[in-house]
Amino acid sequence: MKKEKIVLAYSGGLDTSIILKWLQDKGYDVIAYIADVGQDDNFQEAKDKALKLGASGVYIEDLKEELITGFLFPAIKANAKYENRYLLGTSLARPIIAKRQIEIANKEKADYVSHGATGKGNDQVRFELTYHALKPGIKIIAPWKSNDFLSQFKGRTDMLNYAEEKGIPVKQTIKKPYSEDDNIVHISHEAGILEDPLFTADKSLLCKMVAPQDAPDKETHISIRFEKGIPVEVILKEDNKTATKPLDILRMLNEIGGKNGIGLVDMVENRFVGIKSRGVYETPGATILYAAHADLEGITMDREVMKLRNMLSNPFAELLYYGFWYSPEMEFLINAINQSQELVNGTVHLSLYKGNIIMEGRESANSLYNKDLSSMDIPGGFDQRDSAGFIRINAVRLMAYSSLLQRLGRSYKV
């Protein structure tokens, strides 16, 4: 009888290697899929390992450029920060990984997909909601939520014994006392010793950046040019080094930002499943892009448009964090936010210094800033006497409320 095909999101690590072999034991024809989102992994080694373990095929998919243009840039335009702090580096990568997995399943005519996310975290939700959104009816095998798998593997010892029995290579490496998720946008550190919210993360934890206090005692000057809210050019002024392609832009800013101690966030956040978790995030390049983009909006975006866009920022961040990238509400938000970015064109000049992003200036052909109107020294254009009527009109409802309070014998409780 022909085996049913299953596409497994595979990393080459112990967990997904065991899952690969376990799925084979269950009678599946396993196709391994490795997503290259910029993590520091040996993809050829992982491919060779999957084939050695019996995978009938291996896909290595380079998703870095699409991750930046299709997911990071829309989040920057939305000014999306989960719980006002987290720049969503892991959340951004999950829908594109799951999307390509479904595309491979369609190509291979596979009815099943599988992943190695646990039943306690956010990733299981992000993967599986994307699967259902893009291929309704897809069958999902999530081993860490399977009674068969959980009864067979009660701990790491069981997994190591199974690996030895099945000939699964296990690297003898010094295991870090916390888990990490790495991609071109960021690296996250969580669990293990970091589960104690009082524990101070050591500088040795940092991978993409130095600690701000260890950054050079010298400013780095750069400029970033945007078109319709999208970064299109970065210039390192010291040596006139330029980047114009999305991947090159983020790589340059990751390097520059990392050297200057930019982008460190240590926070306790609320997972979608209702559990609080502590995460330490390094996001140097994207942190610079967020700051520069927000600054340019100050000179190019209408006040009322900005208010409305800002009302959409938190819903956008939550939908992304929770796994609803492919949803009608996210489609609506992205289109509305794109409209708000039509005139966000121009260049921002910045200085980076010991963890700080210092705005030095901004310029735009679409600038709404009028020096003559705002100046305290230049007459004309704005008749200051008009302000008296403006204030009286805005005071009408305040005076009406004050009269009501007097009739009720009350006063303001502030």
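The values are calculated or read from the model by the stated rules, or taken from the named source; none is laboratory data. Given the structure is predicted, the values throughout are model-derived calculations rather than measurements. In this analysis, Cβ positions are derived from the backbone assuming ideal geometry, glycine residues included, and neighbour counts consider all displayed protein chains.
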Given the residues GLU318, GLU331, which is the only one that is in a helix (DSSP H, G or I), surrounded by fewer than 18 Cβ atoms within 10 Å (Cβ to Cβ) and in contact (Cβ under 8 Å) with a residue 60 or more places away in the chain? GLU318
Regarding the range 108-125, can at least one residue be identified that is modelled with pLDDT of 95 or more, of a type in the set (A, V, I, L, M), part of a strand (DSSP E or B) and within 23 Å of GLU4 (Cβ to Cβ)? yes
Checked pairs for the range 48-62, first closer than 18 Å to ASP25 by Cα, second exposed (fewer than 15 other Cβ atoms within 10 Å of the Cβ), C-beta under 9 Å and 6 or more apart or across chains, list as LYS49/PRO169; LYS52/GLY167; LYS52/PRO169; LEU53/GLY167; LEU53/PRO169; SER56/LYS3; GLY57/LEU51
Restricting to the range 103-131, count the residues that are touching a residue at least 60 places away in the same chain (Cβ under 8 Å) and either outside the structural domain of GLN24 (by TED's automatic domain parsing) or among the β-branched types (Val, Ile, Thr) (or both). 4
Complete set of residues in the range 128-141 that are touching a helix residue (DSSP H, G or I) at 6+ places or on another chain (Cβ under 6 Å) and part of a loop (DSSP other than H, G, I, E, B): LYS135, ILE138
Of everything in the range 23-77, what is in a helix (DSSP H, G or I), buried (at least 16 other Cβ atoms within 10 Å of the Cβ) and among the β-branched types (Val, Ile, Thr)? Give them in sequence order. ILE68, ILE76
Residues of the range 93-117 being out of contact with any helix residue (DSSP H, G or I) (no Cβ under 9 Å at 6 or more places or on another chain) and among the acidic types (Asp, Glu), which ones? GLU108
Residues of the range 12-22 being modelled with pLDDT of 95 or more and either in a loop (DSSP other than H, G, I, E, B) or of a type in the set (Val, Ile, Thr) (or both), which ones? THR16, ILE18, ILE19
Among the residues of the range 254-279, what is the count of those that are in contact with a helix residue (DSSP H, G or I) (Cβ under 6 Å, 6 or more places away or on another chain) and closer than 15 Å to VAL210 by Cβ? 6
